Amino acid sequence: MAQEPTPSPIRLVLADDHRLFREGVASLLERVEDIELVGQVATGEDAVRLVTAVQPHIVLMDLQMPGMGGIEATRAIAAAHPVVGVIVLTMFEDDESVFAAIRAGARGYVLKDADRGSLLRAIRAVASGEALLGQAVAQRVLQHFAAAPASAAALATRPDATEARPEALAELTARELEVLRLIARGVRNRQIAEQLVITEKTVANYVSTIYSKLQVADRVEAVLRARQAGLE
């Protein structure tokens, strides 16, 4: 029986202005077979340029860097390369700045003093299309969900509501709508793959395309957009 091909490693760029931290992450990833560090930079501007040059799967992005900060760099990368997953790095559980980064397009965050396992889990989760939020940020996300029914009700009362709802999702294919419907129901990527009998990587590609077409930064905003458009 022929052996299955070995999956390609997750290609990762590290953006952080602290050399010792970069060296520590590099040392960690050298011992991990499924993640490959393809570049290191110390500024947001260099992060944007490097992502364009090497097309990684993941960027570990420090929020506090000289020049272009991590939030602005995240926004630029998410706009130009929606399939690249940005994970923000921070010293503190500062939900304001982390939430701002997620709104800019980041798909998760990791504390700089997190243990080795937490960092690797975050990288692998985001690479597979998941979003990774901490408790403080998740609480703010819940506030958005609480506001969603009111937004949907306001949309429904508009005179052009019948036309507005399909237009919001008009660019999505039938399969993308199917994936978005499952996302809106809270189904995770692995379960979506099982239900649709496709690979988890294919699901992640669909999710990235959906984000791009809906012009949203993350799973939360995609769900809100789906609900506002009347997708059940």
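Quick notes on this one:
- With neighbours defined as other Cβ atoms within 10 Å of a residue's Cβ, the residues 8, 208 order from fewest to most as 8, 208.
- Taking a ≥ b ≥ c as the square roots of the eigenvalues of the Cα gyration tensor, an a/c ratio of 1.5 or more together with a/b no larger than b/c marks segment 4-50 as oblate.
- Once the chain from residue 21 to residue 187 is taken as fully extended at 0.36 nm per residue, the excess over their C-alpha distance is 56.2 nm.
- Averaged over residues, the count of other Cβ atoms within 10 Å places the peptides 219-226, 9-16 in the sequence 9-16, 219-226, highest first.
- Kirkwood-based Rg to Rh ratio, segment 10-132, C-alpha trace: 0.91
- Each eigenvalue of the Cα gyration tensor of segment 37-97, multiplied by 5 and square-rooted, gives one semi-axis; in descending order these are 18, 12, 11 Å.
- Chymotrypsin sites (Phe, Trp or Tyr not before Pro) lying in DSSP loop within segment 13-122, provided at most 13 other Cβ fall within 10 Å: 92
Readers should treat all values here as calculations from the given coordinates under stated rules, not as data from a laboratory. Being a predicted model, the structure only gives us computed values, none of them experimental. Here the Cβ is made from the backbone with ideal geometry for all residues, glycine too, and neighbour counts use every protein chain on show.
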